[in-house]
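This report refers to the structure that appears directly beneath it.
The values are calculated or read from the model by the stated rules, or taken from the named source; none is laboratory data. Small disclaimer: the values here were computed from a predicted structure and weren't measured. Cβ coordinates were reconstructed from backbone atoms using ideal geometry, including for glycine residues, and neighbour counts include every protein chain displayed.
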Amino acid sequence: MDVPTTESHAPLLQGLWKCVRTGQEEILRSVYLPAACALLTHILLCAPFFALDALGNVCQRVRSWRIAADSGPPPSLRRWFECFCRVLYKYTTVVLPATALFQLLRTPELPDLAPSCWRLFVEVLACFLLFDTLFFVWHYSMHRIPWLYRSIHQMHHQHHVPFALAAQDASSAELLSLLLLALSSAWILGCHPLSEVLFHLLNSWLAVEDHCGYNFSWSLHSLLPCLGGAPHHQAHHSVPNTNYAPYFTHWDRIFGTYRASALNSHLR
């Protein structure tokens, strides 16, 4: 009796994996790939919210969609540009070389077969649950240990009302630590490269969505009640000793740090 292969279970994934691998192994094994992709993905995912904030500065209708609609206009183009320069500088001077060293130790494998759809789903979900747990512990520690907060995390809290690009506007040490937490989550679980790529893409999107300042009916937290989303994280920026978890709410509920967000705007 023949044992079915992964390819027979997920021909589309296998075709995608073959396409990605063909002639691209050197790029896929590059130690600079994770940090470069993290920065580029973040910038691209921020683009729609950049357009919304630009429109919001001249259109009251767009401004009313913001969670903190009464806290002033959206961030200006100058503020976006200054934030972009800070993030780019920290990635090129610290995050890129440091994660390259991490990747040298990691030496990721490139298997011949793609994962099954079920394995892809389980690995991505497991990555999110592990990353959410590690982030919660690290974030809680940065707020509860004064020298960690002053030297690492305080810079991120300059944004009392966050915006999309501000998800990466933190100290070099914090940016590096969060990227290493994400990479380590996939490494610890032994994820297939496709699962890891999907996890990092979704992780970038959720980080942007958490900081975007908008609460849409199509946002992922509106579709999945287990997620906190932008209202949950904006409450953390307003009351910093609450809502430490990045995405899910269960750890905050368990440890009594959960705070329900009071939206002062609504969809029209």
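Could you list, in sequence order, all residues of the range 196-240 that are aliphatic (A, V, I, L, M), part of a loop (DSSP other than H, G, I, E, B) and closer than 18 Å to A166 by Cα? So that I can check it myself, show each step before the final result.
Step one: of the range 196-240, the residues aliphatic (A, V, I, L, M) are 197-198, 201-202, 206-208, 220, 223-224, 227, 230, 235, 239.
After this cut, where a residue has to be part of a loop (DSSP other than H, G, I, E, B) as well, the list is 224, 239.
V239, the sole residue that qualifies.
Can you name every one of the helices (runs of 4 or more DSSP H) wholly within the range 20-91 that holds 3 or more residues which are at pLDDT 85 or above?
33-56, 77-90
This table checks each residue for (1) of a type outside the set (S, T, Y); (2) out of contact with any helix residue (DSSP H, G or I) (no Cβ under 7 Å at 6 or more places or on another chain); (3) more than 28 Å from L13 (Cα to Cα).
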| position | (1), (2), (3) |
| --- | --- |
| F81 | yes, yes, yes |
| L88 | yes, yes, yes |
| T92 | no, yes, yes |
| P111 | yes, yes, no |
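Which one of A260, A186 is of a type in the set (A, V, I, L, M, F, W, C) and surrounded by fewer than 23 Cβ atoms within 10 Å (Cβ to Cβ)?
Answer to the selection: A260.
For residues that are surrounded by fewer than 19 Cβ atoms within 10 Å (Cβ to Cβ) and aromatic (F, W, Y), tally how many sit in the range 190-241.
Total satisfying the criteria: 3.
Could you grab the pairs with beta carbons closer than 7 Å, sequence gap of 6+ or different chains, first residue in the range 43-56 and more than 14 Å from F81 (Cα to Cα), second one of a type in the set (K, R) and in a helix (DSSP H, G or I)?
G56/R63
Which of (1) under 20 Å from the mean Cα position of the chain (by Cα); (2) buried (at least 16 other Cβ atoms within 10 Å of the Cβ); (3) free of Cβ contacts under 8 Å to residues at least 12 places away in the same chain is the odd one out, the single condition L148 does not satisfy?
Condition not satisfied by L148: (1).
What is the residue count in the range 95-124 for residues that are crowded, with 16+ Cβ neighbours inside 10 Å, over 13 Å from P34 (Cα atoms), out of contact with any Lys or Arg (no Cβ under 9 Å at 6 or more places or on another chain) and of a type in the set (A, V, I, L, M)?
Going through the range 95-124 one residue at a time, the tally reaches 2.
Mind checking whether some residue in the range 154-172 is β-branched (V, I, T) and at pLDDT 90 or above?
no
If N243 passes every condition in (1) within 27 Å of V95 (Cβ to Cβ); (2) assigned to a helix (DSSP H, G or I); (3) of a type outside the set (V, I, T) but one, which one does it miss?
The failed condition is (2).
When you scan the range 97-106, do you find a residue that is closer than 30 Å to G190 by Cα, of a type in the set (S, T, N, Q) and not in a helix (DSSP H, G or I), even just one?
No, the conditions are met nowhere in the range 97-106.
Here's the yes/no breakdown for (1) surrounded by fewer than 16 Cβ atoms within 10 Å (Cβ to Cβ); (2) without any contact (Cβ under 8 Å) to a residue 24 or more places away in the chain:
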position: L40; (1), (2): yes, yes
position: S64; (1), (2): yes, no
position: T93; (1), (2): yes, no
position: L130; (1), (2): no, no
position: S141; (1), (2): yes, yes
